[in-house]
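One structure is given here, and the rest of the page talks about it.
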Amino acid sequence: MEKKPCSNSLAVKTSHVLPPDTNTHGTLFGGKLMADIDDVAAIAAVRHSRQPVVTASTDSVDFLAPVKEGDSICVEAFVTWTRNTSMEVFVKAVTEELLTGERKVCTTAFLTFVAVDENGKPTPVPEVYPETELEKLLHENAPLRAEERKKRRSNSKGLADRFGTNYPWHSERNL
């Protein structure tokens, strides 16, 4: 497979924040933004792999500034790193106060996607290479994030095994 630059996977979505998208504080629902992040990141992953993908993890979603009703929100994503069948995707969301033009990075996130074949089995993806200084920074630090993901996933599996399918307070209280 031929290597591809990070820029080939760039996906962008801009939306107007309307009243149904907001909470009682007049700011964008975090879950709405998280859905947009997953959607745009998945498009970037498919653009890179040209295969169907599934979300394997969301490492972090850091909300840095509120997004107010009437603002626009622009979600941008691109593949930063690949490993056999998986792709790390960086996402940045920028809010803009449309009447003043003031813009702020409101959210950053890292997600991992796995490319799958027609049977839902993981399938290889092309390598990605960075071109800009920011892409190089994200690419160089990706193995550290991958190791953190691996540890976190192991811890999550351990908790899932320990809690099982029953409510933990039922089993511990013998109810």
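Brief remarks follow.
- Sum of side-chain charges, residue 126 neighbourhood, beta-carbon under 12 Å (Lys, Arg +1; Asp, Glu -1): +3
- Residues 74, 6 in ascending order of nearby Cβ atoms (within 10 Å, fewest first): 74, 6.
- Across the range 125-140, coupling constants 3J(HN,Hα) worked out from phi with the 6.51/-1.76/1.60 Karplus curve, θ = phi - 60°, read 10, x, 5, 10, 10, x, 10, 8, 4, 5, 4, 5, 4, 5, 5, 5 Hz, and Gly and Pro carry x.
- Net charge of neighbours whose Cβ lies under 11 Å from the Cβ of residue 80, counting Lys and Arg as +1 and Asp and Glu as -1: -1
- Partners for residue 92 among lysines (Cα-Cα distance below 22 Å; same-chain residues under 8 apart left out): 4, 13, 32, 68, 104, 136
- Extension gain, residue 161 to residue 62, is 32.8 nm, computed as 0.36 nm per intervening residue step minus the present C-alpha separation.
- For the chain, the mean residue ellipticity at 222 nm estimated from helices alone is -11000 deg cm²/dmol, where every DSSP H run of n ≥ 4 contributes -39500 (n - 2.57) and the total is divided by all residues, rounded to the nearest 500.
- For the residues 80, 165, 27, a GNM of the chain with alpha-carbon springs under 10 Å puts the largest fluctuation on 165.
- Highest-fluctuation residue, 163, 110, 90 considered, GNM on the chain with Cα pairs under 10 Å: 163
- One entry in (1) 10.2; (2) 14.2; (3) 13.4 is mean projected area of the Cα convex hull in nm² calculated from the shown coordinates; its label is (3).
- With neighbour counts taken as other beta-carbon atoms within 10 Å, the residues 139, 16 rank, fewest first, as 16, 139.
- For the chain, size of Cβ-based charge dipole, Lys and Arg +1, Asp and Glu -1, in debye: 640 debye
- Over all other residues within a Cβ to Cβ distance under 15 Å of residue 155, the charged ones net out to +3, with Lys and Arg as +1 and Asp and Glu as -1.
Rule-based calculations on the coordinates, nothing more; no lab input. In this text, all values refer to a predicted model and were calculated from it rather than measured experimentally. All Cβ positions, glycine included, derive from the backbone under ideal geometry; neighbour counts span all protein chains shown.
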